[in-house]
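The values are calculated or read from the model by the stated rules, or taken from the named source; none is laboratory data. Just so we're clear, the structure is a prediction, and the values are computed from it rather than from any experiment. Cβ sites come from the backbone with ideal geometry, for glycine too, and all protein chains shown count toward neighbours. Side chains are part of the model used for accessible areas, which takes the heavy atoms of the whole protein and leaves out ligands, DNA and RNA. Shrake-Rupley method; radii C 1.70, N 1.55, O 1.52, S 1.80 Å.
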Amino acid sequence: EVIKRVKALKNLQLANIKHEVEYYHEIHKLDLKYKKLYDENNEKRKTIYLGEYEPTEVECEWKESDAADAVIDKLEKLEVDDKNLKGGNVKGIPNFWLTVFQNANETLLSGSFEQIDEPIFKHLEDITVTLPEKNTGFTLNFHFGANEFFTNTVLTKEYQMKSDFDPEDPLEFDGPEMFRSKGCKIDWKSGKNTSVKIIKQKVKQKGKGKGGPKFVTKEEKRDSFFNFFKPPKVPEDPKEEVDDEKQAQITEDFDIGFSIKEK
C-alpha cells in the first residue's frame, strides 16, 4: 500500500512539473513582450553613445533617490579613460562597449577579455539579442563598424536550450537549461587574429648545404575573448561522458553567454 501511495505522489509531482513547463512558456511570452520595449531604449542608447543623437536637458536630468544614489556609486567606480573626455568636441561616449567589457571582465566574463582584444572593441557599436518565438534558446549579435581586424559586420553566438522535461526522466526537470552553443566564422584580415600567436621556429638543416638558416611558422592558440566564438563542442549523445576540464569550459561558456544576454 505504501508503494502505491509513493507512486501517487510521483504522479502529483509530474503534474507539477508540467505546470512548471507551462509557467516557463508564459515567462518566455513576457520576455518577448518586454524585449520590444528594451530594444527601443537600447536603440536610443546606441544613438547617444555613438554621437548620433544629443539628449535634451530634460533627458539628462537625474532625479535623486536612494536607488539613484546606488546607481551613481556604481558608475563612479567604473574605470573610464578620461583622456578622450576632455574638451568640448567629444562625439557621443567614446569607447562605450570597450569600457563596459573592461569593467565586467572579472565579474561576468570570467577574465576572458584580454588586453589584446581592446583595440577591436573600440569598433564595437552594439550588442543585440535575438529571441525565437518558442523558448529554444537565444542568439547574441555583436555589431562592429569597419575595422582593420576582420571583415564581418556582425559576429553571432547562438545558445540552444531545452525547455521541456525529459520523458525518460521527467522528475529531474529543473527549468530551462542550455545544452549547446554555436559560434561563427570570423573572417580575420592577414595577421590580425587575436586568438592565435604566430611562432617562428628555426629549422635544423641536415648536411653542409649553403644558404642561410631556414624558418617555419606555426600557429598556437592564444587567450582572447574572440575564442568565445569558437566554443567547446558538446557531444551529440547526452549520455556520452565529458571529462572535468571540458565540462568546466562548457559551463563557463554558458555562464558568459547568459551573463551577456541578461546584462
If we keep only residues of segment 32-46 that are without any contact (Cβ under 8 Å) to a residue 40 or more places away in the chain and among the acidic types (D, E), then the residue most open to solvent (accessible area, probe 1.4 Å) is E40
F258 meets each of (1) part of a loop (DSSP other than H, G, I, E, B); (2) in contact (Cβ under 8 Å) with a residue 60 or more places away in the chain; (3) over 30 Å from S190 (Cβ atoms) with one exception, condition (1)
Being open to solvent by less than 50 Å² (accessible area, probe 1.4 Å) and outside any helix (DSSP H, G or I) is the filter; apply it to segment 96-118 and report the residue that is nearest to G175 (Cα to Cα).
L109
Being surrounded by fewer than 18 Cβ atoms within 10 Å (Cβ to Cβ) and either of a type in the set (D, E, K, R) or in contact with a Gly (Cβ under 7 Å, 6 or more places away or on another chain) (or both) is the filter here; which residues of segment 126-160 pass it?
E133, K134, E148, E158, Q160
Before we move on, is E26 among the charged types (D, E, K, R) and closer than 19 Å to F165 by Cβ?
yes
Subset tally (residues that are aliphatic (A, V, I, L, M) and modelled with pLDDT of 95 or more) for segment 136-175:
4
Among the residues listed as K221, K192, the single one being at pLDDT 80 or above, loosely packed, with under 15 Cβ neighbours inside 10 Å, touching a helix residue (DSSP H, G or I) at 6+ places or on another chain (Cβ under 8 Å) and more than 30 Å from L14 (Cβ to Cβ)
K221
With the requirement that a residue be at pLDDT below 85, hydrophobic (A, V, I, L, M, F, W, C) and more than 23 Å from F258 (Cα to Cα), what does segment 71-122 give you?
I72, V80, L85, V90
